[in-house]
Amino acid sequence: MDDREADLARLRPLNPYGASKQQFDLHAQRVGWLPRIVGLKYFNVFGPNEDHKGEMRSLVNKATRQIQDTGSVRLFKSARPDYRDGSR
């Protein structure tokens, strides 16, 4: 992914969220804001029908399923033995 200012118009977002972010970027480019602003593009947005994403689905989707299955949610389970659960 390359989002240099000169390449903004050639980008083709894959979903409405990405398209809305690009539209703002293009507007900011037109009015000269780009040198003075920072845009955040979140990569894991919650929405319906996320199950096909597997482990890449949103935390909200994962937690909802976990609560339905177990009655509670367990957050921040470390995948590495050198990091305690919930730590960095």
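log10 I(q)/I(0), Debye, Cα-only the chain, no solvent, q = 0.15, 0.18, 0.21, 0.26 Å⁻¹?
For the chain at q = 0.15, 0.18, 0.21, 0.26 Å⁻¹, log10 I(q)/I(0) is -0.78, -0.89, -1.01, -1.30.
Quick one: ranking Arg30, Arg57, Arg65 by accessible area, 1.4 Å probe, largest first, what do you get?
Working: Arg30 170, Arg57 45, Arg65 100 Å².
Output order, biggest surface exposure first: Arg30, Arg65, Arg57.
Determine the calculated [θ] at 222 nm for the chain from helices alone, applying -39500 (n - 2.57) to every DSSP H run no shorter than 4 residues and normalising by the residue count; nearest 500 deg cm²/dmol.
On the way: 2 runs with 28 residues, N = 88.
Calculated mean residue ellipticity at 222 nm is -10500 deg cm²/dmol.
In the chain, carbon and sulfur make up what percent of the accessible area (probe 1.4 Å)?
Working: 4310 of 7690 Å².
So the carbon and sulfur contribution to the accessible surface is 56 percent.
If I fit a long axis through the Cα atoms of helix 16-31 and take the longest principal axis of the Cα atoms of the chain, what angle between them do I get, 0 to 90°, rounded to 10?
The angle comes out at about 30 degrees.
The values are calculated or read from the model by the stated rules, or taken from the named source; none is laboratory data. From a predicted model like this one, the values you see are computed outputs, not experimental measurements. Side chains included, ligands, DNA and RNA excluded: accessible areas come from the protein's heavy atoms. Shrake-Rupley method; radii C 1.70, N 1.55, O 1.52, S 1.80 Å.
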